[in-house]
1. E305 - would you say it is assigned by TED's automatic domain parsing to the domain that holds K367, assigned to a helix (DSSP H, G or I), more than 29 Å from K244 (Cβ to Cβ) and of a type outside the set (S, T, N, Q)?
2. Determine whether segment 244-255 contains at least one residue that is among the polar types (S, T, N, Q) and either assigned to a loop (DSSP other than H, G, I, E, B) or modelled with pLDDT of 95 or more (or both).
3. Can you name the condition, by its number, that E93 falls short on among (1) assigned to a loop (DSSP other than H, G, I, E, B); (2) over 26 Å from F12 (Cβ atoms)?
4. Answer with yes or no whether G44 is small (G, A, S), surrounded by 19 or more Cβ atoms within 10 Å (Cβ to Cβ) and either farther than 30 Å from F311 by Cα or not assigned by TED's automatic domain parsing to the domain that holds F314 (or both).
5. Quick check, is K248 touching a Leu at 6+ places or on another chain (Cβ under 7 Å) and surrounded by fewer than 21 Cβ atoms within 10 Å (Cβ to Cβ)?
6. Could you tell me whether segment 287-295 includes any residue that is part of a helix (DSSP H, G or I), hydrophobic (A, V, I, L, M, F, W, C), in the same structural domain as N323 (by TED's automatic domain parsing) and touching a Ser or Thr at 6+ places or on another chain (Cβ under 9 Å)?
7. Would you check which residues across segment 265-283 are buried (at least 17 other Cβ atoms within 10 Å of the Cβ) and in contact (Cβ under 8 Å) with a residue 40 or more places away in the chain and list them?
8. Being buried (at least 17 other Cβ atoms within 10 Å of the Cβ), in a loop (DSSP other than H, G, I, E, B) and hydrophobic (A, V, I, L, M, F, W, C) is the requirement here; does V35 meet it?
Amino acid sequence: MNDQEYQNYLQFIEDVLYKLTTIDDYVAVLESLDVQYNGKRFQGGCHNTLEGLNNAKYSVSFNKKDRIIYCHVCSKGYSLITFLESIYKARGENVSRMDCLKYICNECAIPFDFSSNKPTISKKYNWKKELSKYLPNGEEEKVLPLYDKDVLTRFKPLYYGRWLSYGISKETMLKYGIKWYDYRQQVIIPCFDSENILRGIRVRNTIENEYGKYMPLRLVNKQEYNFPTNLLFYGENHNFEQIKKTKKVWLVESEKSVMKFDTWFGDKNISLGLFGSNLGKKRLMKLLSLGINSATIMLDSDFKEVGDEEFIKFQKKVMKIVNQLKPYVPDIYVVYNNQKYNGYKFAPCDFTREQFNILMKNKEKIKWEKIMKKI
């Protein structure tokens, strides 16, 4: 970037850290990465790995006036951006400061735009803050927004060609309400809760941009359909009843996997999408309310060979979910590419139906003591 763009960028950072975000936004961003806040201090996410956060001490103080995050173990002060950078580093991930800034903007519904042709940067209406006045002591609690389903009538029904080729049927896309936003060339993915209430809308970008493949829907009038993804499973409106009936659940990363399993299994589908690879306390409670006694974890196989460095990271992601399930769910299994199929970063259902059946036959039951020694 040239000198002017760089100055705009620096000003944008200052605006995000000190003007466009609140103290509650800081807390929400860190809690979205599972770094908890006890009202006075944060957990030491800058030096604890994912699996270590369950027992991590609250060693990080927060100066609300200057917005300085200070770790008493590291003896180091951070901005929110550099603290995020340290969290990712502690987890073995190399993430740039620009990526951290984008993450903050996405979580706080701030348009990521520091171009000179924008005189002001507006922020989305903070419905969470408004709702907080009705909570005891004025404390904010993450809640799912409620959106009017009528917005979906604006978009065309769609049978997305790439998903058809992938193996998701027209019937499944119709069932899950997949549509098309012609203006932005985006696939519309409505997200409903178990009561069939519209809680958010995500899109799959068909034209690459700085937000990646998936992001919340944002209309031309700047209305956004964001929601806390750690409070909702994709597919719960269709699959909760079958999960309750069988007492079994399959946990997958993406919406696409849930829909692929719908095409394969129809009403027998027991998969739920995590919108990533984290479970979290709120969604754990949802699963327990269904009375499950068996959970099968099916994260994407983000490794080239069993035993390599990427596989160790994959294990840690799996174990984070296992740690949450283990006290309550007696049977926990993992399905991943342990058959040396050609499929780097494939989800189990990205393989052929025959290959998937073989992966299922070779699923691994978590043996607590053995896995803990390995990790």
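The values are calculated or read from the model by the stated rules, or taken from the named source; none is laboratory data. All of these numbers come straight from a predicted model, not from anything done at the bench. So basically every Cβ, Gly included, is an ideal-geometry build from the backbone, and we count neighbours across all protein chains shown.
1. Working: assigned by TED's automatic domain parsing to the domain that holds K367: yes; assigned to a helix (DSSP H, G or I): no; more than 29 Å from K244 (Cβ to Cβ): yes; of a type outside the set (S, T, N, Q): yes.
No; evaluated as a whole, the condition is false for this residue.
2. Let us first name the residues in segment 244-255 that are among the polar types (S, T, N, Q), namely 246, 254.
After this cut, where a residue has to be either assigned to a loop (DSSP other than H, G, I, E, B) or modelled with pLDDT of 95 or more (or both) as well, the list is 246, 254.
So far as segment 244-255 goes, yes, one or more of its residues are among the polar types (S, T, N, Q) and either assigned to a loop (DSSP other than H, G, I, E, B) or modelled with pLDDT of 95 or more (or both).
3. Single failed check for E93: (2).
4. Working: small (G, A, S): yes; surrounded by 19 or more Cβ atoms within 10 Å (Cβ to Cβ): yes; either farther than 30 Å from F311 by Cα or not assigned by TED's automatic domain parsing to the domain that holds F314 (or both): yes.
Taking the combined requirement at face value, the residue satisfies it.
5. On the way: touching a Leu at 6+ places or on another chain (Cβ under 7 Å): no; surrounded by fewer than 21 Cβ atoms within 10 Å (Cβ to Cβ): yes.
Against the criterion (touching a Leu at 6+ places or on another chain (Cβ under 7 Å) and surrounded by fewer than 21 Cβ atoms within 10 Å (Cβ to Cβ)), K248 does not qualify.
6. Going residue by residue through segment 287-295, those that are part of a helix (DSSP H, G or I) are 287-289.
Filter once more, so that each one left must be hydrophobic (A, V, I, L, M, F, W, C): 287-288.
The next check asks that each one be in the same structural domain as N323 (by TED's automatic domain parsing); those that pass are 287-288.
Still in the list and also touching a Ser or Thr at 6+ places or on another chain (Cβ under 9 Å): none.
So far as segment 287-295 goes, no, none of its residues is part of a helix (DSSP H, G or I), hydrophobic (A, V, I, L, M, F, W, C), in the same structural domain as N323 (by TED's automatic domain parsing) and touching a Ser or Thr at 6+ places or on another chain (Cβ under 9 Å).
7. Residues of segment 265-283 that are buried (at least 17 other Cβ atoms within 10 Å of the Cβ), as a first pass: 269-275, 277-280, 283.
Selection gives G273, L274, F275, S277, N278, L279, G280, R283.
8. Values: buried (at least 17 other Cβ atoms within 10 Å of the Cβ): yes; in a loop (DSSP other than H, G, I, E, B): yes; hydrophobic (A, V, I, L, M, F, W, C): yes.
Considered against the rule, which asks whether it is buried (at least 17 other Cβ atoms within 10 Å of the Cβ), in a loop (DSSP other than H, G, I, E, B) and hydrophobic (A, V, I, L, M, F, W, C), V35 comes out as yes.
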